[in-house]
Amino acid sequence: MPGPGEVFALLVDLRPSRERLARLTAAFTQRERERAAQFATDEWRERWSAGRGALREVLGRALGIEANTVRLRYGAHGKPELDPASAPLAAELRFNISHSAERALIALARVEVGADVEHLKRRRTDDIARRFFAPGEQQRLFAFAGPEREAAFFRLWTCKEAFLKATGEGLSRSTRSYEIELVQSGARLLWAKGIPEAASRYSVLPLEPGKGYAAAIAAEGQGLALRRFLWPLATVVSF
């Protein structure tokens, strides 16, 4: 369980053994089993199941309860949250999960938190930036060239997605309605339309989740202590 001022980042490999996947899915509710069955391929179903099962495992460990007793619900814009009836500390814990290709990122905190991980596959990144980035973000991004620009794009994109998830607004907020700057120490939110003092209210924390991926966490507060783990080993790591 993260303490006040702490954010836990847990990186999950979505390629578990058959035995481990069976243990993870054993904790599923009927609704989760039905959702898993809707995926078109075994690969997609198994990756989603591995992520969902790991999330239940992580939340259960944080709350001191069994994974199959974790109760989830959804906010107004679809952000998942803990049902306070799950456990005495459930009302204090916030979480978020993101998955892409073979990785998932789970964030835990006692404040609102968002997570995003992206597989670095080839995309028309310049076109996406022109459509979805704020003018200041575009100006700074296009100052880079070649591979540096592509790397900066994904670093900024994950920061922006993580912020959207932290606010709980999701797609209801335009990605051009706030601005994030990449800096030597990481990233910082400059402004967000409709959120007073947004720059001092939120922290944006880029991560290095391994070759071929970019990731970030956003959370309420400043001066947050970020703790990184690999799951299920729970080993403290640098990423």
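The values are calculated or read from the model by the stated rules, or taken from the named source; none is laboratory data. Treat the numbers as computed from the prediction; the structure is a model and nothing was measured. As a convention, Cβ positions derive from the backbone with ideal geometry for all residues, glycine included, and neighbour counts pool all protein chains shown. All accessible areas refer to the heavy atoms of the entire protein, side chains included, with ligands and DNA or RNA removed. Shrake-Rupley method; radii C 1.70, N 1.55, O 1.52, S 1.80 Å.
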So, with +1 on the Cβ of K and R and -1 on the Cβ of D and E, and no other charges, what is the size of the charge dipole of region 1-43 about its Cα centre, to the nearest 20 debye? 160
With all protein chains present, calculate the accessible area of Asp127 using a 1.4 Å probe and round the result to the nearest 10 Å². 70
If you take every residue apart from Ser203 with its C-beta less than 10 Å away from the C-beta of Ser203, what net charge results, scoring Lys and Arg +1 and Asp and Glu -1? +1
Normalised contact order of region 1-136, rounded percent, pairs of Cα under 8 Å and 6 or more residues apart: 27
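If I take every Cα pair under 8 Å that is 6 or more residues apart in region 146-233, average their sequence separation and divide by the length, what percent do I get for the relative contact order?
Working: 113 pairs, mean separation 23.1, N = 88.
RCO, region 146-233: 26 percent.
Would you tally the net charge around Pro232, using a Cβ to Cβ cut-off of less than 13 Å, leaving Pro232 out, and scoring K and R as +1, D and E as -1? Each step should come with its number before you reach the end.
Values: positive: Arg15, Arg20, Arg23, Arg56, Arg61; negative: Asp13, Glu19, Glu57.
Neighbourhood net charge equals +2.
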Roughly how big is the chain's charge dipole about its Cα centre, with Cβ charges of +1 (Lys, Arg) and -1 (Asp, Glu), in debye to the nearest 20? 340
Are there any helices in the chain, counted as whole DSSP H runs, that stretch 18 Å or more along their axis by Cα and score at least -0.5 on average by Kyte-Doolittle, and if so which? 146-167
Using the crude model of +1 on Lys and Arg Cβ and -1 on Asp and Glu Cβ, and no other charge, please compute the dipole size for region 1-100 relative to its Cα centre, in debye to 20. 180
FRET E, pair Gln184, Ala143, Förster distance 22 Å, beta-carbon r, rounded to 0.05: 0.90
List the aspartates and glutamates whose Cα sits under 12 Å from the Cα of Lys193, skipping any in the same chain fewer than 8 residues away. Glu179
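Between Asp126 and Thr29, what FRET efficiency comes out of the Förster formula 1/(1 + (r/R0)^6) with R0 = 45 Å and r the beta carbon distance, rounded to 0.05?
Details: r = 43 Å, r/R0 = 0.95.
It comes to 0.60.
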log10 I(q)/I(0), Debye, Cα-only region 69-164, no solvent, q = 0.10, 0.23, 0.26 Å⁻¹? -0.38, -1.16, -1.33
Hey, if you put +1 on the Cβ of every Lys and Arg and -1 on every Asp and Glu Cβ in region 4-71, which of Trp44, Leu11, Ala26 ends up farthest toward the positive end of that dipole? Ala26
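Ranking request for peptides 67-80, 217-230, 170-183: highest mean number of other beta-carbon atoms within 10 Å first, then the rest in descending order. Don't jump to the answer; show the numbers that get you there.
Details: 67-80: 13.9, 217-230: 18.3, 170-183: 16.1.
Ranked from most to least packed, the peptides come out as 217-230, 170-183, 67-80.
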Please tell me the relative contact order of region 106-166 in percent, rounded to the nearest whole number, where contacts are Cα pairs under 8 Å and at least six residues apart. 55
